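Here the structure is laid out as structure tokens; the discussion comes afterwards.
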Amino acid sequence: MNGHVTPNPKQDQVLARRFAAMAHPARLAILQQLAAQDACCCKDVVGRVGLAQSTVSQHLKILQEAGLVDYRQERPRSRYTINRRVLDETRARMNHFLDDCCTRQVPAGHE
């Protein structure tokens, strides 16, 4: 194996969706909040990030659709947890990509 990233359109689409979900300051704040706790309900997140419940719910939905957040319906409240496995996989893939891109020699005149 040469250590270079092999294009995989399906995996690339999943990775792009994850990064798009994280590309909003409010969603990053929500992920940080969830990472600090085992589980939170929407109301807990609202209290920490200072946004309307409807806004937080929309952001949580986007994070959930990207696989970054898991949702469990528990009575009387629903619980959200960060999906550490998916985040770790995302980190590893991005690190591999960056390592591959940054360790290649740039041909003279292409800097």
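For this structure, a couple of remarks:
- Relative contact order computed over region 22-85 (Cα-Cα under 8 Å; 6+ residues apart), in percent: 36 percent
- Each Cα pair under 8 Å and six or more residues apart adds its sequence gap; the mean of these over the residue count of the chain is a relative contact order of 28 percent.
- Quotient of C-alpha Rg and 2.2 N^0.38 Å, computed over the chain: 1.33
Computed from the coordinates by the stated procedures, all read-outs in this text should not be read as laboratory data. Bear in mind the structure is a predicted one, so any value in this text is a computation, not a measurement.
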